[in-house]
Amino acid sequence: MWGRLKAGFTLVELLVVIAIIGILIGLLLPAVQSAREAARQLQCQNNLKQLALACLNHQAHAGHLPTGGWGPKWTGDADRGMGDMQPGGWAYNILPFIEQQALYMLPSDGDADTITSAQTAGAKQMMETPLTFLYCPTRRAATAYASPSRGSGWVYLNSDWPSVCGRNDYVANGCGVGSGSAPANWTEANDGSFTNWAGSCSGVIYQRSTTRPAAIRDGMTNTYLLFEKYLDPDHYTDGRDGEDNEAAYIGGNTDVIRSASQPYRDRAGWSYHGVGSAHVAGFNAAFCDGSIRHLNYSIDLTTHKRLGSRADGQPVGVSNL
């Protein structure tokens, strides 16, 4: 007597099922990736929002937006106040306003006029500390990255050399400076003998700036405060991009302050000290009123530069962007 045959898949049917599953995965994967990028972009915008609000809280407390500091060989010192004699840059100055008072106080030794070993050790610890708010999640993880040697002639003047650095994917709208436009020692800064300060620029944060809302004559709503910076993907983590080789808390060079230049998406093998991001279609920017916008890389360059100027007399209505 013949037994009942058991139902099952033939090899052909199994292959068809596998092919269908593969097609479905292929269709779903871009949608999943798109959803993940949308979430990362939202987090990036939230980071900028928190940083912009900290800048505005700084302005409410000190009467001006955070200063750009002195230059790339200098970092923050809590004993030097928040004005033009503060050597640290904008990211250092907003630390108390993003619940990072302890980090802000690390370089303090109670002596504003002397650089001590306690100060330089504390500053090193601060420089090595990353902050999640300062990193775009599309680009890289919020961690400390390598601090490559800059040669025998390069030192931080009020910090020990950090083995790693907390870095930043957001920069202030202003003008970065080189080490030649900053004091070479503490005495030069204190006694007034250093006079080669870079001076003002059309942005809102720059060397020794103390920009008040009244100086932003084109309107807080119509002027950039912060935006994402361009980086070479080949050097996201190794610190060998010359525009990303310092800590986030230094005085302003192009690692932490940039002007409203032509924006680009990050591309491998190309270094550029301008605006950009790792996002596909555009970059995120914070305005001086605290609002956040996602702007296309194809933004009209004239419009973009006008948004970067605080008082050129040609304000741009951001509702038209």
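At q = 0.15 Å⁻¹ the log10 of I(q)/I(0) for the range 14-167 amounts to -0.83, computed by Debye summation with a single uniform scatterer per C-alpha, solvent ignored. Here the extension length gained between Ser117 and Ile18 equals 29.0 nm, from 0.36 nm per residue of separation less the Cα-Cα distance. Build a GNM of the chain with springs between Cα atoms under 10 Å apart, and of Thr67, Thr195, Thr116 the one that fluctuates most is Thr195.
Using the Karplus relation 6.51 cos²θ - 1.76 cosθ + 1.60 with θ = phi - 60°, the per-residue 3J(HN,Hα) values for the range 96-108 come to x, 9, 10, 6, 10, 4, 5, 5, 4, 7, 4, x, 6 Hz, with x marking Gly and Pro. Ranked from largest to smallest solvent-accessible area, with a 1.4 Å probe on the protein heavy atoms, His294, His58, His273 come out as His273, His294, His58. For the chain, carbon and sulfur atoms together expose 55% of the accessible surface, with a 1.4 angstrom probe and every protein chain in place. Over the chain, dividing the summed -39,500 (n - 2.57) contributions of all DSSP H runs of at least 4 residues by the number of residues returns a 222 nm mean residue ellipticity of -8500 deg cm²/dmol. Each residue of the range 309-317 is assigned a 3J(HN,Hα), and the resulting list reads 9, 7, 7, 8, x, 10, x, 10, x Hz, derived from the Karplus form 6.51 cos²θ - 1.76 cosθ + 1.60 (θ = phi - 60°), x at Gly and Pro.
Where in the range 98-134 does the label zone of Trp186 land, with the point 7 angstrom along Cα→C-beta and an amide N cut-off under 12 Å? Residues 108-121 qualify, since their backbone N sits under 12 Å from the label point.
In vacuo Debye scattering of the range 89-170, one point per C-alpha: log10 I(q)/I(0) at q = 0.13, 0.22 Å⁻¹? The computed values of log10 I(q)/I(0) come out as -0.44, -1.13.
Think of a 1.4 Å ball rolled over the protein heavy atoms: the range 90-171 then has 39 Å² of accessible area per residue.
Comparing the range 157-230 with the 2.2 N^0.38 Å rule of thumb, its C-alpha radius of gyration ratio is 1.35 (two decimals). Across all directions, the shadow cast by the convex hull of the chain built on its C-alpha atoms averages 23.4 square nanometres. Per residue, the range 178-320 exposes an accessible area of 39 Å² to a 1.4 Å probe, with every protein chain left in place. Shown here for the range 194-275: trypsin sites (Lys or Arg not before Pro) in loop regions (DSSP other than H, G, I, E, B) with at most 16 other Cβ atoms within 10 Å, namely Arg217, Arg240, Arg267.
Using R0 = 35 Å, the C-beta based FRET efficiency linking Arg267 and Trp197 works out to 0.50. Short-range pairs are left out: with C-alpha atoms under 8 Å and at least six residues apart, the relative contact order of the chain is 21 percent.
Bridgeable aspartates and glutamates around Lys305 (alpha carbons under 14 Å apart, same-chain partners fewer than 8 residues away excluded): Asp218. Of all the options Gly282, Gly174, Gly68, the one that moves most in a Gaussian network model of the chain with Cα springs shorter than 10 angstrom is Gly282.
Based on the alpha-carbon gyration tensor of the range 190-321 and its eigenvalue square roots a ≥ b ≥ c, which shape applies: rounded if a/c is under 1.5, prolate if not and a/b is larger than b/c, or oblate? Cα axes put the range 190-321 in the oblate bin. Ranked by solvent-accessible area (1.4 Å probe, protein heavy atoms only, all chains present), the residues Trp270, Trp70 order from largest to smallest as Trp270, Trp70.
The values are calculated or read from the model by the stated rules, or taken from the named source; none is laboratory data. In this text the structure is predicted, and so the values were computed from the model without any measurement. Ideal geometry is used to build each Cβ from the backbone, glycine not excepted, and the neighbour counts take in all protein chains shown. Each accessible area value is taken on the protein alone, full model and side chains, heavy atoms only, with ligands, DNA and RNA left out. Shrake-Rupley method; radii C 1.70, N 1.55, O 1.52, S 1.80 Å.
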